[in-house]
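Enquirer: This structure is in C-alpha coordinates; I'll ask about it shortly.
The values are calculated or read from the model by the stated rules, or taken from the named source; none is laboratory data. It should be emphasised that the depicted structure is a prediction, and the values quoted were computed from it without experimental measurement. So basically every Cβ, Gly included, is an ideal-geometry build from the backbone, and we count neighbours across all protein chains shown. The accessibility values were calculated without ligands, DNA or RNA, using every heavy atom of the protein model including side chains. Shrake-Rupley method; radii C 1.70, N 1.55, O 1.52, S 1.80 Å.
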Amino acid sequence: MSYAESSREYYLETGTRFPRLIIWAMGLIKASAAKANSQLGLLDERAASCIYEEALRLSQGAYDPEVTVDVFQTGSGTGLNMNVNEVIALHAGERCGARVHPNDHVNMGQSSNDVVPTAIRLAAYRAITELVLPAARGLATSLRSRASEYTGLVKPGRTHLRDAMPVTFGMELEAYADAIEGDASALEAASARLLEVPLGGTAVGTGVNSHPRFAELALGELSSLTGLRLRQANRMRAMRSLADLAAVSGVMRSLALDLHRLSQDLRLLNSGPNTGLGEIEVPEEIAGSSIMPGKKNPVTLEAAMQAVAQVVGLDAAVAWASSLGELELNMGVPLVGYDVQLEASLLSEALRKVDAMVVRRLRANAERMRALAEASQALVTVFSPIIGYDAATSVAEEVSRGARLEDALRRRGVPEDKVAVLRDLSRLVRPGYPAKEV
(Lines give C-alpha, C1' and ligand atoms only; values in the text may rest on other atoms or scores of the structure.)
Protein backbone atom coordinates (compact mmCIF):
# COMPACT_ATOMS: atom_id res chain seq x y z
CA MET A 1 0.00 0.00 0.00
CA SER A 2 1.33 3.43 -0.92
CA TYR A 3 1.91 6.19 1.61
CA ALA A 4 -0.94 8.23 0.10
CA GLU A 5 -3.35 5.32 0.54
CA SER A 6 -2.30 4.46 4.09
CA SER A 7 -2.34 8.09 5.17
CA ARG A 8 -6.08 8.41 4.60
CA GLU A 9 -6.72 6.65 7.88
CA TYR A 10 -4.69 9.25 9.77
CA TYR A 11 -4.99 12.53 7.85
CA LEU A 12 -8.27 14.33 7.31
CA GLU A 13 -10.04 13.35 4.12
CA THR A 14 -11.66 16.60 3.02
CA GLY A 15 -11.04 16.34 -0.70
CA THR A 16 -8.77 19.40 -0.51
CA ARG A 17 -5.83 18.79 -2.83
CA PHE A 18 -2.63 20.71 -3.41
CA PRO A 19 -2.77 23.33 -6.18
CA ARG A 20 -0.91 22.94 -9.45
CA LEU A 21 1.86 25.41 -8.64
CA ILE A 22 2.83 23.60 -5.44
CA ILE A 23 3.09 20.30 -7.32
CA TRP A 24 5.09 22.14 -10.02
CA ALA A 25 7.54 23.35 -7.39
CA MET A 26 7.82 19.94 -5.74
CA GLY A 27 8.69 18.34 -9.07
CA LEU A 28 11.42 20.83 -9.87
CA ILE A 29 12.93 20.50 -6.40
CA LYS A 30 13.13 16.72 -6.82
CA ALA A 31 14.71 17.08 -10.27
CA SER A 32 17.26 19.55 -8.92
CA ALA A 33 18.12 17.28 -6.00
CA ALA A 34 18.65 14.29 -8.29
CA LYS A 35 21.01 16.25 -10.51
CA ALA A 36 22.96 17.61 -7.54
CA ASN A 37 23.37 14.16 -6.00
CA SER A 38 24.50 12.76 -9.35
CA GLN A 39 27.09 15.51 -9.74
CA LEU A 40 28.35 14.72 -6.24
CA GLY A 41 28.71 11.04 -7.12
CA LEU A 42 26.12 10.01 -4.53
CA LEU A 43 23.46 8.79 -6.92
CA ASP A 44 23.85 6.42 -9.85
CA GLU A 45 23.83 8.45 -13.05
CA ARG A 46 21.15 6.27 -14.69
CA ALA A 47 18.85 6.43 -11.68
CA ALA A 48 19.43 10.16 -11.32
CA SER A 49 18.53 10.69 -14.99
CA CYS A 50 15.30 8.73 -14.64
CA ILE A 51 14.35 10.59 -11.46
CA TYR A 52 15.15 13.89 -13.14
CA GLU A 53 12.97 13.21 -16.18
CA GLU A 54 10.03 11.89 -14.18
CA ALA A 55 10.25 14.75 -11.70
CA LEU A 56 10.03 17.16 -14.62
CA ARG A 57 6.98 15.31 -15.88
CA LEU A 58 5.40 15.61 -12.46
CA SER A 59 6.15 19.34 -12.43
CA GLN A 60 4.39 19.66 -15.79
CA GLY A 61 1.20 18.01 -14.54
CA ALA A 62 1.57 14.48 -15.92
CA TYR A 63 0.94 12.87 -12.53
CA ASP A 64 -1.38 15.31 -10.80
CA PRO A 65 -4.10 12.65 -10.32
CA GLU A 66 -1.56 10.61 -8.33
CA VAL A 67 -0.81 13.38 -5.82
CA THR A 68 -3.80 12.61 -3.64
CA VAL A 69 -2.84 13.42 -0.04
CA ASP A 70 -5.13 15.89 1.68
CA VAL A 71 -3.92 19.38 2.54
CA PHE A 72 -5.07 18.78 6.12
CA GLN A 73 -2.27 16.44 7.12
CA THR A 74 0.90 16.49 9.14
CA GLY A 75 1.95 20.09 9.74
CA SER A 76 5.36 19.73 8.13
CA GLY A 77 3.95 18.56 4.79
CA THR A 78 5.57 15.13 5.11
CA GLY A 79 2.51 13.58 3.48
CA LEU A 80 2.98 15.67 0.35
CA ASN A 81 6.71 14.97 0.21
CA MET A 82 6.26 11.20 0.67
CA ASN A 83 3.47 11.11 -1.92
CA VAL A 84 5.61 12.94 -4.47
CA ASN A 85 8.64 10.77 -3.70
CA GLU A 86 6.61 7.61 -4.31
CA VAL A 87 5.04 8.85 -7.55
CA ILE A 88 8.42 9.85 -8.98
CA ALA A 89 10.09 6.64 -7.78
CA LEU A 90 7.40 4.48 -9.37
CA HIS A 91 7.65 6.13 -12.78
CA ALA A 92 11.43 6.50 -12.64
CA GLY A 93 11.70 2.78 -11.91
CA GLU A 94 9.52 1.99 -14.92
CA ARG A 95 11.68 4.25 -17.07
CA CYS A 96 14.93 2.70 -15.81
CA GLY A 97 13.75 -0.87 -15.60
CA ALA A 98 15.18 -1.01 -12.08
CA ARG A 99 13.90 -0.25 -8.60
CA VAL A 100 14.12 3.36 -7.53
CA HIS A 101 13.54 3.93 -3.83
CA PRO A 102 11.37 6.94 -2.85
CA ASN A 103 13.43 7.79 0.23
CA ASP A 104 16.93 6.47 -0.49
CA HIS A 105 17.03 7.90 -4.00
CA VAL A 106 14.32 10.50 -4.71
CA ASN A 107 14.55 12.06 -1.26
CA MET A 108 18.35 11.85 -0.98
CA GLY A 109 19.84 14.83 0.84
CA GLN A 110 16.40 16.21 1.66
CA SER A 111 13.69 16.30 4.30
CA SER A 112 10.05 17.30 4.14
CA ASN A 113 11.10 20.04 6.55
CA ASP A 114 13.17 21.90 3.96
CA VAL A 115 11.53 20.70 0.73
CA VAL A 116 7.92 21.70 1.37
CA PRO A 117 8.70 25.14 2.84
CA THR A 118 10.81 25.74 -0.28
CA ALA A 119 8.01 24.57 -2.57
CA ILE A 120 5.28 26.73 -1.08
CA ARG A 121 7.49 29.81 -1.37
CA LEU A 122 8.25 29.17 -5.04
CA ALA A 123 4.58 28.54 -5.75
CA ALA A 124 3.53 31.69 -3.88
CA TYR A 125 6.07 33.81 -5.74
CA ARG A 126 4.83 32.61 -9.10
CA ALA A 127 1.16 33.07 -8.20
CA ILE A 128 1.81 36.63 -7.08
CA THR A 129 4.02 37.70 -9.97
CA GLU A 130 2.05 35.95 -12.71
CA LEU A 131 -1.51 36.38 -11.46
CA VAL A 132 -2.03 39.04 -8.82
CA LEU A 133 0.41 41.76 -9.84
CA PRO A 134 -0.61 41.90 -13.54
CA ALA A 135 -4.28 41.96 -12.55
CA ALA A 136 -3.78 44.71 -9.98
CA ARG A 137 -1.70 46.88 -12.29
CA GLY A 138 -4.15 46.33 -15.13
CA LEU A 139 -6.98 47.59 -12.94
CA ALA A 140 -4.94 50.59 -11.81
CA THR A 141 -4.14 51.47 -15.43
CA SER A 142 -7.82 51.28 -16.38
CA LEU A 143 -8.79 53.45 -13.42
CA ARG A 144 -6.25 56.10 -14.41
CA SER A 145 -7.46 56.02 -18.00
CA ARG A 146 -11.07 56.50 -16.96
CA ALA A 147 -10.03 59.18 -14.48
CA SER A 148 -8.53 61.21 -17.33
CA GLU A 149 -11.89 61.07 -19.14
CA TYR A 150 -13.72 62.54 -16.16
CA THR A 151 -11.13 64.92 -14.78
CA GLY A 152 -13.51 67.89 -15.08
CA LEU A 153 -16.79 66.18 -14.22
CA VAL A 154 -17.98 67.73 -10.95
CA LYS A 155 -20.06 65.59 -8.63
CA PRO A 156 -21.09 65.73 -4.99
CA GLY A 157 -18.65 64.63 -2.36
CA ARG A 158 -20.04 62.65 0.53
CA THR A 159 -18.74 61.91 4.01
CA HIS A 160 -20.72 59.76 6.44
CA LEU A 161 -23.06 59.26 3.44
CA ARG A 162 -24.11 62.90 3.87
CA ASP A 163 -23.57 65.94 1.68
CA ALA A 164 -19.98 67.13 1.50
CA MET A 165 -18.04 69.51 -0.71
CA PRO A 166 -17.87 68.75 -4.45
CA VAL A 167 -15.18 66.62 -6.03
CA THR A 168 -14.70 65.38 -9.56
CA PHE A 169 -15.35 61.85 -10.69
CA GLY A 170 -11.83 61.85 -12.11
CA MET A 171 -10.42 62.59 -8.66
CA GLU A 172 -12.30 59.66 -7.15
CA LEU A 173 -11.10 57.24 -9.82
CA GLU A 174 -7.53 58.54 -9.50
CA ALA A 175 -7.63 57.90 -5.74
CA TYR A 176 -8.72 54.30 -6.30
CA ALA A 177 -5.91 53.85 -8.84
CA ASP A 178 -3.33 55.20 -6.42
CA ALA A 179 -4.51 52.80 -3.71
CA ILE A 180 -4.32 49.75 -5.98
CA GLU A 181 -0.91 50.75 -7.35
CA GLY A 182 0.43 51.22 -3.83
CA ASP A 183 -0.78 47.77 -2.85
CA ALA A 184 0.84 46.25 -5.94
CA SER A 185 4.19 47.88 -5.13
CA ALA A 186 4.00 46.67 -1.53
CA LEU A 187 3.14 43.15 -2.69
CA GLU A 188 6.05 43.08 -5.13
CA ALA A 189 8.43 44.17 -2.37
CA ALA A 190 7.08 41.65 0.13
CA SER A 191 7.22 38.77 -2.34
CA ALA A 192 10.94 39.32 -3.06
CA ARG A 193 11.87 37.56 0.19
CA LEU A 194 10.08 34.41 -0.95
CA LEU A 195 13.09 33.75 -3.17
CA GLU A 196 15.10 32.99 -0.02
CA VAL A 197 14.53 29.26 0.49
CA PRO A 198 15.77 26.69 3.02
CA LEU A 199 16.54 23.78 0.67
CA GLY A 200 19.53 21.92 2.10
CA GLY A 201 18.48 22.35 5.71
CA THR A 202 17.07 18.80 5.89
CA ALA A 203 15.59 17.92 9.30
CA VAL A 204 16.33 20.90 11.55
CA GLY A 205 18.32 23.36 9.46
CA THR A 206 21.76 21.85 9.95
CA GLY A 207 21.83 19.91 6.68
CA VAL A 208 22.34 16.55 8.35
CA ASN A 209 22.54 13.63 5.86
CA SER A 210 23.22 15.92 2.92
CA HIS A 211 26.52 16.64 1.19
CA PRO A 212 28.11 20.00 2.12
CA ARG A 213 27.74 21.15 -1.50
CA PHE A 214 24.25 19.75 -2.02
CA ALA A 215 22.40 23.00 -1.33
CA GLU A 216 24.65 25.04 -3.62
CA LEU A 217 24.27 22.63 -6.55
CA ALA A 218 20.58 21.95 -6.02
CA LEU A 219 19.72 25.63 -5.74
CA GLY A 220 21.75 26.40 -8.86
CA GLU A 221 19.78 23.83 -10.85
CA LEU A 222 16.49 24.92 -9.31
CA SER A 223 17.21 28.52 -10.26
CA SER A 224 17.89 27.40 -13.81
CA LEU A 225 14.71 25.34 -14.03
CA THR A 226 12.46 28.01 -12.54
CA GLY A 227 14.09 31.05 -14.10
CA LEU A 228 14.18 32.60 -10.64
CA ARG A 229 17.21 33.99 -8.80
CA LEU A 230 16.90 31.85 -5.71
CA ARG A 231 18.97 32.55 -2.63
CA GLN A 232 19.92 30.41 0.32
CA ALA A 233 17.89 31.52 3.32
CA ASN A 234 18.94 31.22 6.90
CA ARG A 235 17.67 27.66 6.85
CA MET A 236 16.56 27.51 10.44
CA ARG A 237 14.61 30.75 10.08
CA ALA A 238 12.85 29.71 6.89
CA MET A 239 11.92 26.29 8.29
CA ARG A 240 10.63 27.44 11.66
CA SER A 241 9.04 30.72 10.51
CA LEU A 242 6.55 31.41 7.74
CA ALA A 243 6.36 35.10 8.58
CA ASP A 244 7.44 36.04 5.04
CA LEU A 245 4.43 34.18 3.64
CA ALA A 246 2.18 35.71 6.28
CA ALA A 247 3.47 39.14 5.25
CA VAL A 248 2.65 38.47 1.61
CA SER A 249 -0.80 37.26 2.63
CA GLY A 250 -1.29 40.43 4.66
CA VAL A 251 -0.51 42.64 1.68
CA MET A 252 -2.96 40.64 -0.44
CA ARG A 253 -5.53 41.30 2.26
CA SER A 254 -4.81 45.06 1.97
CA LEU A 255 -5.20 44.86 -1.80
CA ALA A 256 -8.45 42.96 -1.31
CA LEU A 257 -9.75 45.63 1.07
CA ASP A 258 -9.01 48.37 -1.46
CA LEU A 259 -10.78 46.33 -4.12
CA HIS A 260 -13.72 45.99 -1.73
CA ARG A 261 -13.83 49.74 -1.22
CA LEU A 262 -13.77 50.38 -4.96
CA SER A 263 -16.46 47.77 -5.56
CA GLN A 264 -18.65 49.00 -2.73
CA ASP A 265 -18.42 52.63 -3.84
CA LEU A 266 -19.13 51.85 -7.50
CA ARG A 267 -22.07 49.70 -6.43
CA LEU A 268 -23.45 52.61 -4.40
CA LEU A 269 -22.94 55.12 -7.23
CA ASN A 270 -24.71 52.65 -9.52
CA SER A 271 -27.75 52.38 -7.24
CA GLY A 272 -31.08 53.12 -8.87
CA PRO A 273 -32.08 53.62 -11.59
CA ASN A 274 -34.86 55.77 -10.10
CA THR A 275 -34.53 55.41 -6.33
CA GLY A 276 -30.78 55.51 -5.74
CA LEU A 277 -27.79 57.75 -6.44
CA GLY A 278 -27.74 56.87 -10.12
CA GLU A 279 -24.45 58.68 -10.78
CA ILE A 280 -23.00 55.89 -12.92
CA GLU A 281 -24.34 53.05 -14.99
CA VAL A 282 -22.61 49.70 -15.17
CA PRO A 283 -23.91 47.77 -18.21
CA GLU A 284 -25.29 44.34 -17.34
CA GLU A 285 -26.45 41.86 -19.94
CA ILE A 286 -27.81 39.23 -17.57
CA ALA A 287 -31.02 39.23 -15.57
CA GLY A 288 -30.65 40.47 -12.02
CA SER A 289 -33.83 38.99 -10.65
CA SER A 290 -35.90 35.86 -11.14
CA ILE A 291 -39.10 37.71 -10.23
CA MET A 292 -38.64 41.40 -11.12
CA PRO A 293 -38.39 41.74 -14.92
CA GLY A 294 -35.78 44.11 -16.27
CA LYS A 295 -33.88 44.41 -13.01
CA LYS A 296 -30.15 44.89 -13.49
CA ASN A 297 -27.83 44.26 -10.58
CA PRO A 298 -24.08 44.96 -10.14
CA VAL A 299 -23.33 41.24 -10.19
CA THR A 300 -19.59 41.45 -10.93
CA LEU A 301 -19.00 43.86 -8.09
CA GLU A 302 -20.94 41.67 -5.69
CA ALA A 303 -19.03 38.58 -6.78
CA ALA A 304 -15.76 40.45 -6.23
CA MET A 305 -16.86 41.57 -2.76
CA GLN A 306 -17.56 37.96 -1.82
CA ALA A 307 -14.10 36.98 -3.06
CA VAL A 308 -12.66 39.73 -0.87
CA ALA A 309 -14.47 38.33 2.15
CA GLN A 310 -12.92 34.94 1.43
CA VAL A 311 -9.43 36.43 1.01
CA VAL A 312 -9.72 38.24 4.34
CA GLY A 313 -10.73 34.97 5.99
CA LEU A 314 -7.89 33.08 4.33
CA ASP A 315 -5.42 35.69 5.52
CA ALA A 316 -6.63 35.15 9.07
CA ALA A 317 -6.08 31.40 8.59
CA VAL A 318 -2.56 32.04 7.26
CA ALA A 319 -1.74 34.24 10.24
CA TRP A 320 -2.99 31.56 12.64
CA ALA A 321 -1.28 28.68 10.80
CA SER A 322 2.01 30.56 10.59
CA SER A 323 2.05 30.72 14.39
CA LEU A 324 1.74 26.94 14.79
CA GLY A 325 4.70 24.84 15.85
CA GLU A 326 7.57 25.26 18.23
CA LEU A 327 11.34 25.57 18.13
CA GLU A 328 12.81 24.18 14.88
CA LEU A 329 9.71 23.73 12.71
CA ASN A 330 6.40 25.33 11.78
CA MET A 331 3.36 23.05 11.91
CA GLY A 332 1.12 24.90 9.44
CA VAL A 333 3.16 24.50 6.26
CA PRO A 334 0.57 22.71 4.05
CA LEU A 335 -2.26 25.04 5.01
CA VAL A 336 -0.24 28.23 4.56
CA GLY A 337 0.90 27.02 1.14
CA TYR A 338 -2.64 26.14 0.09
CA ASP A 339 -4.31 29.29 1.44
CA VAL A 340 -1.83 31.68 -0.16
CA GLN A 341 -2.47 29.99 -3.51
CA LEU A 342 -6.22 30.29 -3.04
CA GLU A 343 -5.92 33.94 -2.04
CA ALA A 344 -3.93 34.69 -5.19
CA SER A 345 -6.40 32.85 -7.40
CA LEU A 346 -9.49 34.56 -5.95
CA LEU A 347 -7.94 38.00 -5.81
CA SER A 348 -6.52 37.98 -9.33
CA GLU A 349 -9.84 36.81 -10.79
CA ALA A 350 -11.78 39.48 -8.90
CA LEU A 351 -9.34 42.20 -9.97
CA ARG A 352 -9.53 41.14 -13.63
CA LYS A 353 -13.31 40.95 -13.70
CA VAL A 354 -13.85 44.31 -12.00
CA ASP A 355 -11.41 45.82 -14.49
CA ALA A 356 -12.90 44.27 -17.63
CA MET A 357 -16.60 44.19 -16.78
CA VAL A 358 -16.99 47.29 -14.64
CA VAL A 359 -14.25 49.93 -14.77
CA ARG A 360 -13.69 49.83 -18.52
CA ARG A 361 -17.43 49.79 -19.27
CA LEU A 362 -18.99 52.11 -16.71
CA ARG A 363 -20.71 55.28 -17.92
CA ALA A 364 -20.96 58.45 -15.85
CA ASN A 365 -24.33 60.19 -15.68
CA ALA A 366 -22.88 63.69 -15.98
CA GLU A 367 -26.16 65.59 -15.66
CA ARG A 368 -27.17 63.66 -12.57
CA MET A 369 -23.76 64.27 -10.97
CA ARG A 370 -23.89 68.01 -11.64
CA ALA A 371 -27.47 68.34 -10.41
CA LEU A 372 -26.69 66.57 -7.16
CA ALA A 373 -23.52 68.60 -6.66
CA GLU A 374 -25.45 71.84 -7.14
CA ALA A 375 -28.08 70.71 -4.61
CA SER A 376 -25.56 69.80 -1.91
CA GLN A 377 -26.18 71.42 1.44
CA ALA A 378 -22.43 71.36 2.03
CA LEU A 379 -21.85 74.18 -0.47
CA VAL A 380 -22.57 76.63 2.34
CA THR A 381 -19.09 75.73 3.62
CA VAL A 382 -17.38 78.19 1.25
CA PHE A 383 -19.46 81.05 2.67
CA SER A 384 -18.68 80.30 6.31
CA PRO A 385 -15.59 82.61 6.33
CA ILE A 386 -17.85 85.44 5.06
CA ILE A 387 -20.93 85.12 7.27
CA GLY A 388 -19.53 83.06 10.14
CA TYR A 389 -19.99 79.45 11.18
CA ASP A 390 -23.22 79.99 13.13
CA ALA A 391 -24.96 81.91 10.34
CA ALA A 392 -23.74 79.34 7.80
CA THR A 393 -25.20 76.58 10.01
CA SER A 394 -28.54 78.40 9.96
CA VAL A 395 -28.36 78.62 6.15
CA ALA A 396 -27.61 74.88 5.95
CA GLU A 397 -30.67 74.13 8.07
CA GLU A 398 -32.83 76.21 5.73
CA VAL A 399 -31.46 74.31 2.75
CA SER A 400 -32.17 70.99 4.46
CA ARG A 401 -35.83 72.11 4.76
CA GLY A 402 -36.04 72.80 1.03
CA ALA A 403 -34.85 76.38 0.62
CA ARG A 404 -32.56 77.29 -2.27
CA LEU A 405 -29.03 78.00 -1.09
CA GLU A 406 -28.77 81.14 -3.22
CA ASP A 407 -31.92 82.62 -1.68
CA ALA A 408 -30.85 81.82 1.87
CA LEU A 409 -27.48 83.48 1.26
CA ARG A 410 -29.05 86.58 -0.22
CA ARG A 411 -31.30 86.94 2.82
CA ARG A 412 -28.14 87.19 4.90
CA GLY A 413 -26.69 89.92 2.75
CA VAL A 414 -24.19 87.91 0.73
CA PRO A 415 -23.43 89.97 -2.40
CA GLU A 416 -24.60 88.65 -5.75
CA ASP A 417 -21.07 88.38 -7.11
CA LYS A 418 -20.22 86.04 -4.24
CA VAL A 419 -23.36 83.94 -4.69
CA ALA A 420 -22.43 83.55 -8.37
CA VAL A 421 -19.70 81.07 -7.44
CA LEU A 422 -22.43 78.44 -7.15
CA ARG A 423 -22.94 78.61 -10.90
CA ASP A 424 -19.44 77.25 -11.57
CA LEU A 425 -18.68 74.51 -9.09
CA SER A 426 -15.48 73.61 -10.93
CA ARG A 427 -13.88 76.52 -9.07
CA LEU A 428 -14.51 74.69 -5.80
CA VAL A 429 -12.62 71.50 -6.63
CA ARG A 430 -9.25 73.15 -7.10
CA PRO A 431 -6.78 72.23 -4.34
CA GLY A 432 -6.67 74.83 -1.59
CA TYR A 433 -9.41 77.02 -3.02
CA PRO A 434 -9.20 80.23 -0.90
CA ALA A 435 -12.35 81.58 0.68
CA LYS A 436 -11.40 85.13 -0.23
CA GLU A 437 -11.99 84.30 -3.90
CA VAL A 438 -15.66 83.62 -3.21
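Enquirer: Pick from 14, 275, 74: which is most flexible by mean-square fluctuation in a GNM of the chain where alpha carbon atoms under 10 Å apart are linked?
Expert: Greatest mean-square fluctuation among the candidates belongs to 275.
Enquirer: I've got another one for you. Carbon and sulfur together cover what percent of the accessible area of the range 287-381 at a 1.4 Å probe radius?
Expert: Roughly 58 percent, rounded to a whole number.
Enquirer: Express the carbon and sulfur contribution to the solvent-accessible surface of the range 1-147 as a percent, rounded to the nearest whole number, probe 1.4 angstrom.
Expert: About 49 percent, which is the carbon plus sulfur part of the accessible surface.
Enquirer: Using alpha-carbon pairs under 8 Å, 6+ residues apart, how would you state the relative contact order of the chain in percent?
Expert: That works out to 17 percent.
Enquirer: Also, I was wondering about something else. What is the Cα centroid distance between the range 188-203 and the range 375-409, reported in whole angstrom?
Expert: 60
Enquirer: Going by average Cβ neighbours within 10 Å, how do the peptides 228-237, 282-291, 27-36, 158-167 rank, with the highest at the top? All intermediate terms of the calculation are to be shown ahead of the outcome.
Expert: Working: 228-237: 16.5, 282-291: 10.8, 27-36: 27.2, 158-167: 14.8.
For the peptides 228-237, 282-291, 27-36, 158-167, the packing ranking is 27-36, 228-237, 158-167, 282-291.
Enquirer: Now for a different question. Amide H neighbours of residue 167 under 5 Å, counting only residues 5+ apart in sequence or on other chains, H built in-plane at 1.01 Å?
Expert: Long-range HN contacts for residue 167: 155, 157.
Enquirer: Of all the Cα-Cα pairs you can form in the range 327-377, what percent are over 12 Å apart?
Expert: 76
Enquirer: Specify the inter-centroid distance of the range 315-355 and the range 6-58, based on alpha-carbon positions, in whole Å.
Expert: Answer, in whole Å: 23.
Enquirer: Okay, next question. I want to verify a result. In a Gaussian network model of the chain, Cα cutoff 10 Å, which of these has the top mean-square fluctuation: 181, 302, 149?
Expert: Taking springs between Cα atoms under 10 Å, the residue moving most is 149.
Enquirer: Are there DSSP H segments in the chain that both extend 15 Å or more along their axis (alpha-carbon positions) and score a mean Kyte-Doolittle hydropathy of at least -1.0? List them, or say none.
Expert: The answer, listed by residue number, is 20-39, 45-59, 78-96, 112-127, 133-149, 169-191, 214-226, 243-269, 299-321, 333-354, 389-400.
Enquirer: Arranged from highest to lowest average of other beta-carbon atoms within 10 Å per residue, in what order do the peptides 182-188, 387-393, 258-264 appear?
Expert: Ranking, from highest mean packing down: 258-264, 182-188, 387-393.
Enquirer: Can you tell me how much longer the chain between residue 406 and residue 254 gets when fully stretched, taken as 0.36 nm per residue apart minus their C-alpha distance, in nm with one decimal?
Expert: Here the segment from residue 406 to residue 254 would lengthen by 50.4 nm.
Enquirer: Using 0.36 nm per residue of separation minus the Cα-Cα distance, give me the extension gain between residue 130 and residue 426 in nm, one decimal. Each step should come with its number before you reach the end.
Expert: Numbers: separation 296, 0.36 × 296 = 106.56 nm, distance 4.16 nm.
Contour length minus the Cα-Cα distance gives 102.4 nm.
Enquirer: While we're looking at this one, here's another question. At 1.4 Å probe radius, can you tell me the per residue accessible area of the range 31-87 in Å²?
Expert: 34
Enquirer: Given a 10 angstrom Cα cut-off, can you work out which residue in 412, 20, 368 is the most mobile in a GNM of the chain?
Expert: It is 412.
Enquirer: A further question on this structure: With a Förster radius of 30 Å, plug the Cβ-Cβ distance of residue 44 and residue 223 into 1/(1 + (r/R0)^6) and report the FRET value to the nearest 0.05.
Expert: 0.75
Enquirer: To make sure I understand the rule: partners must be lysines, Cα under 20 Å from the Cα of residue 353, and not fewer than 8 residues away in the same chain. Which ones qualify?
Expert: Residue 353 reaches 296.
Enquirer: What spacing in nm lies between the two simple spin-label points modelled at residue 291 and residue 310, each 7 Å away from Cα in the Cβ direction?
Expert: 2.8
Enquirer: Rounded to whole Å and sorted largest first, what semi-axes of the equivalent ellipsoid does the C-alpha gyration tensor of the chain yield via the square root of 5 times each eigenvalue?
Expert: Each semi-axis is √(5λ); the values are 60, 21, 17 Å.
Enquirer: Would you list the P(r) distribution for the range 55-114, with all Cα-Cα distances sorted into 5 Å bins from 0 and each bin expressed as a whole %?
Expert: Spelled out bin by bin, the range 55-114 gives 4, 19, 26, 26, 18, 5, 2 percent.
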